[in-house]
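The values are calculated or read from the model by the stated rules, or taken from the named source; none is laboratory data. In this text, all values refer to a predicted model and were calculated from it rather than measured experimentally. Cβ: placed from backbone, ideal geometry, glycine included. Neighbour counts: every protein chain shown. These accessible areas exclude ligands, DNA and RNA; they are computed on the full protein's heavy atoms, side chains included. Shrake-Rupley method; radii C 1.70, N 1.55, O 1.52, S 1.80 Å.
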Amino acid sequence: MTTLNDYTPEARRLLEEQTIELPSWAFGNSGTRFKVFTTGGVPRTPYEKLEDAAQVNAYTGITPRVSLHIPWDRVDDFADLAAYATDHGVTIGAINSNVFQDDDYKLGSLCHSDQSIRTKAINHHRECIDIMNQTGSTDLKIWLADGTNYPGQDSIRARQDRLADSLQQIYADLSEGQRIILEYKFFEPAFYHTDIPDWGTALVHCQALGSNAMVVLDTGHHAPGTNIEFIVAQLLRVGRLGAFDFNSRFYADDDLMVGAADPFQLFRIMHEIVSVGALDKNSGVNFMLDQCHNLEEKIPGQIRSVMNIQEATAKALLVDHSALTDAQHSGDVLAANAVLMDAYNTDVRDALAELRESKGLAANPMAAFAESGYLDTIRAARAGGEQAGWGA
Ligand code: PSV
Ligand code: MN
């Protein structure tokens, strides 16, 4: 059993100040191409999504920001939406563009061979920057579905050149303090080639753009067996890790709860973060969730995910760095590995319960939320209207 006394004052500060950003789309219905099961009480508007996200923050105390997805979260008055968020104790986080659901984008968006489609996609990003200006958001998150299904379908090289040019035009419209965070994904929906398939390609484009372009690492966007913590270490090393999209995958882009499939991998990632000081709130790394809750209730699903990251972080903060460095320098492979495994195998749940109580929160957020009756309340209150869902 651990207590907060097992942590150094610095490690305790980092735990106290850790934040995780929630995705608005996690609160809507989602599913697979086979079926979307609806859930009672699911939000019908962006305002209701913020209400639910605020619940996660109320019980975990570490999720003060919510990412929006445009057009899914389009409203008439974004300043009003931002004020509503503030009233509920949260702020607007990254603005996600969406250039993958319009018929015009069938063959691509920022990489399309048709200049008019590229212009349309660039203008959509300008709209997103405008929303950032109205909401105070600092991150424009770009994930593209661009790619091809068949060899020869389009020129791989020409698409890269178009992409660079499109990104340049969007980047030029950023104001001071705003960033582009560029996500990569190795496959899907395109299957032969993806235009930003990997961290190297994302990095090349970010470096060409300038210092306000950073890479987003979505944990689900790698081939099975990829050493993700290596990528984390490398992007941190070159100062270009802008954000995480945390989730779990068993097979593909499963978007399951982070820490569910491979808690050890999550620990290894957090260890790379902690060991170079990137957990600090001023490190420039935005820790976000990108998940869908197809079967489970959405709000507890988010609470559980946040707790999983918190646990992996609390374990990583227990790594004895001087013992690790000594073992590494003396070539003691087993001792070095044991230092990491000792931290990973420590049960940190009591220390985190203590941390929450020190902030005036319930020790067990899952139980406290369940007891609150909030799900019953929204099931009754949100009758009528159309539930939000992926793609709506
Ligand atoms: C699609 O793969 C995706 O999950 C990307 O990871 C984006 O971050 C997310 O959708 C929202 O557009
Ligand atoms: Mn993502």
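On a per residue basis, the chain carries 43 Å² of accessible surface, using protein heavy atoms and a 1.4 Å probe. Length gained on full extension, ALA79 to ASN337: 87.8 nm, using 0.36 nm per residue less the C-alpha separation. In terms of the Cα gyration tensor, with a ≥ b ≥ c the square roots of its eigenvalues, is the chain rounded because a/c is under 1.5, prolate because a/b exceeds b/c, or oblate? Note, shape of the chain comes out oblate. Residue-wise HN-Hα couplings along the stretch 255-268, as the Karplus relation 6.51 cos²θ - 1.76 cosθ + 1.60 with θ = phi - 60° gives them from phi, are 6, 7, 5, 4, x, 7, 7, 8, x, 5, 4, 4, 4, 5 Hz; Gly and Pro carry x. For ASP262 and ALA164, a Förster radius of 35 Å and the Cβ-Cβ distance give a FRET efficiency of 0.55, rounded to the nearest 0.05.
Annotation for the stretch 152-259: chymotrypsin sites (Phe, Trp or Tyr not before Pro) lying in DSSP loop with at most 11 further Cβ atoms inside 10 Å of their Cβ are PHE191, PHE250, TYR251.
The phi torsions of the stretch 47-52, fed into the Karplus equation with coefficients 6.51, -1.76 and 1.60 and a -60° offset, translate into couplings of 5, 5, 4, 5, 4, 6 Hz, rounded to whole numbers, with Gly and Pro shown as x. The accessible surface of the chain, taken with every protein chain in place and a 1.4 Å probe, is 51 percent carbon and sulfur. What lysines sit close enough to LYS281 to cross-link, taking a C-alpha to C-alpha distance under 30 Å and skipping anything fewer than 8 places away on the same chain? Correct list for LYS281: LYS49, LYS141, LYS185, LYS298, LYS315, LYS359. Rounded to 0.05, the FRET efficiency of the THR3 and LYS359 pair, given R0 = 22 Å and the Cβ-Cβ distance, is 0.90.
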